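Scroll down for the structure; my scribbles are underneath it.
Coordinate-derived values only; no laboratory data. What you see is a predicted model, and the numbers here were worked out from it, not measured in a lab. Here Cβ is always computed from backbone atoms with ideal geometry, including for glycine, and neighbour counts include all displayed protein chains.
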Amino acid sequence: MCGIAGFIDFNKKSTEKDLLAMSQTLFHRGPDGGDLQYFQESNFTLGLAHRRLAIIDITESGKQPMLFNQYWITFNGEIYNYKEIRAELNLLGHSFTSDSDTEVILHAYTQWGEACVDRFIGMFAFVIYDIQKNEVFCVRDRAGVKPFFYYLKDGIFLFASELKAFHAHSNFEKKINLDAVAAFMQYGNIPTPHCIFEYTTKLKPGHYTKFSLSQPLSEIKQTQYWSVYDAYNQPKLDISFDEAKKETEKILQSACDYRMVADVPVGVFLSGGYDSTCVTALLQKDRTEPLKTYTIAVPDIGLNEAAFAKETANFLGTKHTEIACTEKEVLEWIPDLPFYYDEPFADSSALPTTLVSKVARQEVTVALSADAGDEVFAGYNRYSYLLKYRSKLEQIPGFARKSIAGLMNVIPSNALPILKHKYNFHNRYEKLKGILKDPSEENIMLSLSQQYTDTQMKEVMHASFHRLNTAYQSKELAAQYYSPLAYMQAVDYQTYLVDDILQKVDRATMTVSLEGREPFLDHRVIEWAARLPNDYKLHQGNQKYILKEIVHQYVPKEMMDRPKMGFAIPIAKWLATDLRPLVETYINEEKIESQDIFNWEHVSKLKQDFLGGKKELDYKIWYLLMFQMWYEKWMNE
């Protein structure tokens, strides 16, 4: 894993100095080396930059940008099956000078063109420049593990692993996209392919772009080469549960084994939950050497799965490290978030994820995590809620549902005894209002995904905006294969997974120069799991049923049978106490009015209501705070 950046400038004003500056902003992604290639052609200048975190072939022969024949490449990621592809290419007459997966990509592109990506098992974002044909090929992996941003305006094309690299280019125009601001306030992230800045876009997962440099670029066309709907739009497998379990374990075993391919130390994040236990168990069962596993605990705030993780680690025989942090240590990271998350981002679990990465990096260079287990095997509570309660809610007359929602607006969540102490109750209380108004599958999905409804956003925003077209509105799931569960899983795979979970893990790990790998994001896993009968994943209300049955072969059910915890952060408490100075500093009339983005009258009321006891507004205030801190960092420099 590394950092990439570069430009194509048809005005011929971009220099090596610009390229170096872009590269240096990504030092944390690749502290093991940084090289550049700069080209001055008749009608453009082109630059390729690479920051290296050496994982496979850590010798000088693996450094980038790399050249083979007429092709230059700068590549971020890993191709886990590169040895098999190299063997196939050897039979076709290719020979290699290194043991790097980067060189395999170049040879594969030479042999098969853009279709080479169909053979890759891995995570990747790369750019190939064909110096003979004057063509450029940019691609992003199927699930979107590796980020890829690009900017196009006035004859300048920029690309990078992180937005901060664009700020280092002398001709980058940082004009805020107000539609994206509104989307951030709804989702806590900016949905792909959109970006916080005008003229700036994210390359979609499973997409590539290829274009000629014979004339200045007027637009970039993205071409899809893979979609999660290709799997969901197929008949369900006619297979027994035992057969399905065996094949699922076989695919997961392969995915986990591939992600141990490295020339540096590898560890595993272990929370003690089913997903991380599955990864750990499958990897440890045939190994004599104990795996290195890591768990974070912040007892001060009730985030403490350490005892569960330790019990699991002892049972499986791993070499376990428990990281105990104080609430103060977590809070101290908050001012740094806008630098590493250089697009507004509001998932508070970024804090513990960064801290566990920091400690793991002291011993390993690669860490496996169990992200996407919920999306692939139906682990989110909202899946059960929808299937269990949607029909019951629809039976309640519309006027009654709306009356209940209206009453909830009057009664704050903090006024409800017993319930107010339940995990995440305040946030769920707020979302329930939207579900009561419209219990359709589409609206339930949006209500559970958004903090602000479209109507509320019109009150929050002072500036005019339009609702962005996102994968939440996708109609790609064919009617004959439609089910509420398939609909929610497919949407989550393209939205929450990409724009929240994967962005969080990429930035948290790369903050400390640690490579994160996710076995559940092997495309073979989702292509198989999407075709499993729904009942094998969500069985009589039992989420991730088939995955749990696999785990129970290695860890007793009695050890695993406990409530799911997650990285819960006490946002309401912090905003009212420790973070109150930040709230007052960033969410005040002077700043809000000067930006001319938000409606101060509405924001002021939100703030007063929250501080007055309406804890269900905590995430609305948190989103505002995260945006304001981002704005201060990147717009007021």
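Some notes on this structure:
- From the alpha carbon centroid of segment 86-133 to that of segment 584-637 is 48 Å.
- When segment 227-569 is reduced to its Cα atoms, the Kirkwood hydrodynamic radius in Å: 21.6 Å
- Mean projected area in nm² (Cα convex hull; one quarter of hull surface) for segment 122-240: 10.6 nm²
- Inter-centroid distance (Cα atoms) of segment 492-523 relative to segment 308-369, Å: 14 Å
- Within the same chain, lysines fewer than 8 places from K245 are excluded, and of the rest, those with a Cα less than 26 Å from its Cα are K236, K285, K388, K537, K544, K548, K557, K564.
- Summed residue charge, Cβ within 11 Å of K83's Cβ, Lys/Arg positive, Asp/Glu negative: -3
- Alpha-carbon Rg with Dmax, taken over segment 232-292, Å: 14.4, 42
- Gained length - Q40 relative to E329, 0.36 nm times residue gap less alpha-carbon distance: 99.2 nm
- FRET E, pair L393, T288, Förster distance 51 Å, beta-carbon r, rounded to 0.05: 0.40
- Segment 270-330, Rg to Rh (Cα coordinates; Rh as Kirkwood inverse mean 1/r): 1.03
- Summing charges over all other residues whose Cβ lies under 11 Å from the Cβ of L575, with Lys and Arg as +1 and Asp and Glu as -1, gives +2.
- Each principal axis of the Cα cloud of the chain was evaluated for its coordinate range; sorted largest first, these ranges are 71, 61, 50 Å.
- Qualifying lysines (Cα of each under 21 Å from Cα of K573; at least 8 residues distant if same chain): K328, K420, K422, K431, K605, K607, K614, K615, K620
- Surrounding net charge for I190, when Lys and Arg each add one and Asp and Glu each subtract one, Cβ distance under 14 Å: -3
- Three semi-axes of the equivalent ellipsoid, segment 3-224, Cα gyration tensor, whole Å, largest first: 27, 20, 17
- Semi-axes of the equivalent ellipsoid for segment 199-353, computed as √(5λ) from the eigenvalues of its C-alpha gyration tensor and ordered from largest down, come to 35, 29, 16 Å.
- Residue-span extension gain [K17 to T97] - 0.36 nm each, minus C-alpha spacing: 25.7 nm
- Between S218 and N588, the modelled label-to-label distance comes to 5.0 nm, taking each label 7 Å out from Cα in the direction of the beta carbon.
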